[in-house]
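Beneath this line is the structure, given in structure tokens, with notes to follow.
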Amino acid sequence: MNSEILRNYQLLSTQYQSDFNVKKQQLRLISLARLVCFIGIFLAIYYLNPINKMLAFGLAILFLAAFLFLIKKYIQTEMKVLFFERLIQINSDEIKAIHRDFNPFDPGNEFTDPHHDYSYDLDLYGIGSLFQFLNRTVTRKGKIQLSTLLNQSQRKVDKITSLQSAIQELSGEITWRQHFQAKGKESEDLKSQSPIEESIRQAVHLKSVKTIKLLLNTLPWLTILLTALNIFGVFPNPLYLLAIFSQWIVFIVYSKTISKFQKQFENQGKLLSRYADMLKWMESKQFRSAFLVLLKEKLSSQGKTASIITSELQQILNEFDYRQNLLVGFVLNSFLLWDLRCLSKLHRWQQNYEGDLPRWFDVIAEMDALISLANCNYNHPEWITPEVQDSGVCLNSVGLGHPLIDESKCVRNSFLITGDEQIAIITGANMAGKSTFLRTVGINLILAANGSKVCAENFKFSPVRIFTNMRTTDNLMNDESYFYAELLRLQAMLNILRKGEKLFVIVDEMLKGTNSTDKLNGSKELIHQLISLKTHGIVATHDLGLTELAEKYPKRIKNQCFEVQLLADELKFDYKLTDGVTRTMNATFLMKKMGIIPKD
């Protein structure tokens, strides 16, 4: 546990709790003042009207103005209260994370895919996964973007180095990061809210746009003019009723389109408000790294910033929501063709900016995902930024540990594959640490490929596509046995290699579904294939016969192992990777110790 990082989160939590308390108290005072002003309106009219009508109504208007101002102030302060409440929650969750409690964070179960190159075998998704360990996203698209990043293990060197700079810059901006999260934390209900960008993409189709424009520019003005003339007795003929009736005829003609639009965009105004806040927050920040500068440069169109354009759409949607109040909607549509006017504004907005908003949502999503990786860097200052090599296949690590294992329990190892070496065959008894080590290598390679720090003292690698075969499952629905499913997996791996693509393979106990002799022969043939296809990787096995291949390919294959000591009636695991072949197996020992089979 990093005590300094923990202390920082505790200080931030305390600071935001203090800010929250201040705003909460202000909210109570504003609420009280608002009540006083509301009562004051009626008291002024009731008590002062008999004395001085001008004074009574003047004071009533002042109380009304103050009342309306305090309503606006109350809403603004309430938003601040919720903002500080979210900041408190963010820091509270991080304190839990420092104590190895990741329950507050979404594990990304929906991204689980047994057919992916490596995500299923390396526990990228689900409870206790790498995704849950990293995930701090606050938008649906940000969550998807983080998954997209983790599902890709091969990138160009310059892309990785630019990601490293961007993530490291964001790592040092804890206040900015947390404010971004707090602004967007309720931007979408990840479980039920339909993606807002999908509804925005659906264009509003209006017939006779020129006719609508003419009606909007003439009919409301004519209606208001005739109504005013009638009220002041200049033109007592009730022609204004005909003008109002005409507006409702127009409304009825377009009612189907209006209803379709209302259903499509219902309640999107509040969501857009939060998106606009996030965009404005990004626009206000002066970034240094080239990646973030380019990301920010995408946030404009036609000389306007993304936040302004998004706010314009939000305002249109907010205005359209006025129709939900039946009385207000009736008056506005009777005199101003309000719903059609809003529809026309939206049509014009989409004509100008239809392609921009989804692009800006993508920018938000990318920043959202990068913040998760930056948060990981911040929480683990002891980790190292990897060195990326452009040529050949290289993996050179010192003090390599599994990111999800508690530091106090994590045993670190060094591992090297470089030059002519291709395959490391790792042997060891049950529970000696082989599978955990394979996942340690795989997960750190994925972190490195995404520009993140890795859990190591030193780490040098060349980007390469990872392919694993560790946790094959049968599929009874498709009449696939466990063994056949594994063969399909290995076939997919070899097909990629035969197309000329480089892979770093991680295989744990291949051909588990057949007898020992057949398994050994098949495993040897597979290793021959991997060597001939110039593949690099790690193979863990209990078959000591497989280690004999190192004699045939001394420059291509090396043997390493996790050894176990049998001391009296106990097993001692040190989980340290050493050169050579294990000579200790423990299955029988464990079965006797647990009473499964009788002791000698």
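Which condition number in (1) in contact with a helix residue (DSSP H, G or I) (Cβ under 9 Å, 6 or more places away or on another chain); (2) outside any helix (DSSP H, G or I); (3) over 30 Å from Lys143 (Cβ atoms) is the one that Pro107 fails?
Only one criterion is unmet by Pro107, namely (3).
State yes or no: is Leu70 of a type in the set (A, V, I, L, M), modelled with pLDDT under 95 and touching a Cys at 6+ places or on another chain (Cβ under 8 Å)? So that I can check it myself, show each step before the final result.
Details: of a type in the set (A, V, I, L, M): yes; modelled with pLDDT under 95: yes; touching a Cys at 6+ places or on another chain (Cβ under 8 Å): yes.
When the stated conditions are applied, Leu70 passes them.
Could you figure out which of (1) outside any loop (DSSP other than H, G, I, E, B); (2) at pLDDT below 95; (3) in contact with a Gly (Cβ under 8 Å, 6 or more places away or on another chain) isn't true of Val411?
Unmet condition: (1).
Restricting the first residue to region 247-266 and requiring it to be more than 13 Å from Leu317 (Cβ to Cβ), which pairs with a second residue that is charged (D, E, K, R) meet a Cβ separation below 8 Å and a spacing of at least six or different chains?
Listed by first residue and then by second, the contacts come to Phe251/Asp339; Tyr254/Asp339; Ile258/Asp339.
Test Ile61 against the criterion of being touching a residue at least 40 places away in the same chain (Cβ under 8 Å), more than 18 Å from Gln26 (Cβ to Cβ), among the β-branched types (Val, Ile, Thr) and in the same structural domain as Tyr16 (by TED's automatic domain parsing), and give yes or no. Write out each step before concluding.
Numbers: touching a residue at least 40 places away in the same chain (Cβ under 8 Å): no; more than 18 Å from Gln26 (Cβ to Cβ): yes; among the β-branched types (Val, Ile, Thr): yes; in the same structural domain as Tyr16 (by TED's automatic domain parsing): yes.
In short, no.
Restricting attention to region 155-198, and to residues there that are in a loop (DSSP other than H, G, I, E, B) and among the hydroxyl-bearing types (Ser, Thr, Tyr), which single residue is modelled with the lowest pLDDT?
Going through region 155-198, the residues in a loop (DSSP other than H, G, I, E, B) turn out to be 155-156, 172-173, 185-195.
Filter once more, so that each one left must be among the hydroxyl-bearing types (Ser, Thr, Tyr): 187, 192, 194.
Details: Ser187: 55, Ser192: 43, Ser194: 48.
Per the criteria, the residue is Ser192.
Being over 29 Å from the mean Cα position of the chain (by Cα) and either among the aliphatic types (A, V, I, L, M) or not in a helix (DSSP H, G or I) (or both) is the requirement here; does Ile90 meet it? Spell out the reasoning first.
On the way: over 29 Å from the mean Cα position of the chain (by Cα): no; either among the aliphatic types (A, V, I, L, M) or not in a helix (DSSP H, G or I) (or both): yes.
So Ile90 fails the test.
Given Asn230, Asn217, which one is in a helix (DSSP H, G or I), within 54 Å of the chain's Cα centre (by Cα) and not β-branched (Val, Ile, Thr)? Don't jump to the end; show me each part of the working.
Working: Asn230 fails: within 54 Å of the chain's Cα centre (by Cα).
Result of the check over Asn230, Asn217: Asn217.
What is the number of the single condition among (1) over 30 Å from Glu110 (Cα atoms); (2) modelled with pLDDT of 85 or more; (3) surrounded by 13 or more Cβ atoms within 10 Å (Cβ to Cβ); (4) out of contact with any Leu (no Cβ under 8 Å at 6 or more places or on another chain) that Leu229 does not meet?
Leu229 satisfies all of (1) over 30 Å from Glu110 (Cα atoms); (2) modelled with pLDDT of 85 or more; (3) surrounded by 13 or more Cβ atoms within 10 Å (Cβ to Cβ); (4) out of contact with any Leu (no Cβ under 8 Å at 6 or more places or on another chain) except (2).
Tell me, yes or no, whether region 381-390 has at least one residue that is assigned to a helix (DSSP H, G or I), of a type in the set (Val, Ile, Thr) and closer than 30 Å to Leu438 by Cβ. I'd like the intermediate steps shown before the answer.
To start, the set of residues in region 381-390 that are assigned to a helix (DSSP H, G or I) comprises none.
Taking every residue of region 381-390 in turn, none turns out to be assigned to a helix (DSSP H, G or I), of a type in the set (Val, Ile, Thr) and closer than 30 Å to Leu438 by Cβ.
Just need a number here: residues in region 361-393 that are closer than 30 Å to Arg556 by Cβ and out of contact with any His (no Cβ under 9 Å at 6 or more places or on another chain). Steps first, please.
Of all residues in region 361-393, those closer than 30 Å to Arg556 by Cβ come to 384, 386-393.
Next, only the ones that are out of contact with any His (no Cβ under 9 Å at 6 or more places or on another chain) stay: 384, 386-392.
Matching residues across region 361-393 total 8.
Can you tell me which residue is nearest to the chain's Cα centre (by Cα) among those in region 1-27 that are surrounded by fewer than 17 Cβ atoms within 10 Å (Cβ to Cβ) and of a type in the set (Lys, Arg)?
Ranking the qualifying residues of region 1-27, first place goes to Arg7.
Considering only region 360-419, how many residues are closer than 23 Å to Pro104 by Cα, β-branched (Val, Ile, Thr) and crowded, with 21+ Cβ neighbours inside 10 Å?
Of the residues in region 360-419, 2 are closer than 23 Å to Pro104 by Cα, β-branched (Val, Ile, Thr) and crowded, with 21+ Cβ neighbours inside 10 Å.
The values are calculated or read from the model by the stated rules, or taken from the named source; none is laboratory data. Since this is a predicted model, take the numbers as computed values, not measurements. Note that we place each Cβ from the backbone using ideal geometry, even for glycine, and neighbour counts take in every protein chain shown.
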